[in-house]
1. Report residue A:188's accessible area, 1.4 Å probe, all protein chains in place, as a number in Å² to the nearest 10.
2. How many Å² of accessible area per residue for chain B, probe 1.4 Å?
3. Can you list the residues of region A:163-197 whose accessible area drops by at least 30 Å² going from the chain on its own to the full set of protein chains, with a 1.4 Å probe?
4. Going from most exposed to least, what order do A:76, B:88, A:113 have by accessible area with a 1.4 Å probe?
5. Need the C-alpha centroid separation for region A:145-204 versus region A:40-106, integer Å.
6. Shielding by partners for B:92-102, please: the mean number of other protein chain Cβ atoms within 10 Å of each residue's Cβ.
7. Of B:219, B:243, B:198, which is farthest on the positive side of the dipole of region B:167-250, counting Cα position, with +1 on Lys and Arg Cβ, -1 on Asp and Glu Cβ, and the Cα centre as origin?
8. Within 10 Å of each Cβ in A:110-119, how many Cβ atoms from other chains are there, averaged over the peptide?
Amino acid sequence: MSYLTPPLGRLVGAFQKLPGIGPKNAQRLAFHIVRQPRQVAEDLAEALLNAKDTIRFCSICSNLSASDPCEICQHSERDQGLICVVADARDVLALERTHEYRGTYHVLQGLISPMDGIGPEQLKVRELLQRLQQMQTDGVALREVIFALSPTVEGDATTLYLTRMLRSLDIPMSRIAFGLPMGGDLEYADEVTLARALEGRRSI
Amino acid sequence: MSNLPPQRHRFDVAALQLKQYPYGEGDQILLLLTREHGLLRAIAKGTRKPRSKLAGLLAPLRCNQLTLVCGRNLHRVEQASSLQSFSSLQNDYDALMAGLVMGEVTAAFCQEEDPQPALFDAFCLGLLQLQSGFAPRALLLWFLLYLLENQGFYQDWRYCAGCERQLQAKDRVFLLGSAGVLLCQPCKPGAEGARYLYPEQLLALQQLQQAPEPLPLDLDERRCNGLLWFLQQHLEQLSGKSLKSFAFLYPLPEAGSASPVATPVKQGVNTP
């Protein structure tokens, strides 16, 4: 039997559907909202609906954005011939935090996962291909496609798939380096990471 | 009776990781193949967090020496060190896909607490061969036939399943994927879904079935795919599971082809 009054139970249930929120956390959030002034709840509801109504996929890079094309694709100082392929919109944020990259992105919205049956048709691969072909048709100089995908089996499978598929377009392709984290200690690095760091060494 | 150590005890085991899936905020559940205990499931705490020391080691198709702590439902990974990382598979799409199919099929057929020393060794041998550049499709065919025999599903493909006559290279032979049997021309009528088997495919199947180690095959990619498709049907029928990774073995579309973006399509399926 539930001891929560139905509206509160519904609110707890709604929070519990969010990723990383268990029953206890859902209750904590629900009770917090109920105790707040009405304005707080209204602001939250309005923000949720506004985000849901306005955010969509950018028609060029498939990133999440309120405008189409997104702010990055519209930016005049961005190098349009440099495309960084990432799995998720959160990866764009991570790369933007570096303040080092001045090109554009393409967000695949996931990775190929053979054992889960997730294939390229479920991702934004077709959009990437059409974008590159359109750029070549328009005479835009494609300098490089950089794959910034996780060093996991899924990331490797996606990178290998895309490189093989795009080979015929004759565009320079690269993959970000893998290895030791900054400030990390060699002694505590695992064997596989260290081996990849050695493999990806560069001359100085 | 369980051959696992008593609860809360630690034990060391060499384990091949077949699969992993996220659990909770930062944990993973690993599906492992071991010599002594067959399949094992273990939780690896915090391995999806960036500072995890084990995250680099715990990935599919890696062989690690693990220290596990017995739990009521799941074991817990306490320590790990790499025995064989098979890292060059990550540079070859076909080899990686073949390895993943081996993993999925093994997970579908093996049981927990059922020792699998021979299969474990065959899996490791297969990955080593893939790493050294052995043709992925030929190796996968060998492994799948080995697994079928190892798990007690041996079918003698020297004989017709209908009349039990020995099949010759000159015969018109048909394979029935759902039952995993071969039929000669007179026995074929009534066997719905039976597909024609080319003589070189029959020879390859018969050779592989007798081979203790992977064999190089004199088959082109299309013929290999035909055999893989046949085995996929048979394995799915036996296990009652859909084996999703098989779809990724078939040829990749390239930019400029009619439909460049699709899960690689089944090709090489023989027509009578």
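The values are calculated or read from the model by the stated rules, or taken from the named source; none is laboratory data. A quick note: this is a predicted structure, and the numbers were derived from the prediction, not measured. Don't worry about glycine lacking a Cβ; one is built from the backbone with ideal geometry, like all the others, and counts go over all protein chains shown. With ligands, DNA and RNA removed, areas are computed over all heavy atoms of the protein, side chains included. Shrake-Rupley method; radii C 1.70, N 1.55, O 1.52, S 1.80 Å.
1. Only protein atoms counted, so the area is about 140 Å².
2. Dividing the accessible area of chain B by its residue count gives 44 Å².
3. By number: A:164, A:165, A:168, A:188, A:190, A:191, A:192, A:196.
4. A:76, B:88, A:113
5. If we compute the Cα centre of each part, the gap is 24 Å.
6. The mean count of partner-chain Cβ atoms within 10 Å per residue comes to 3.
7. B:243
8. Taking all residues of A:110-119 together, the mean is 6.
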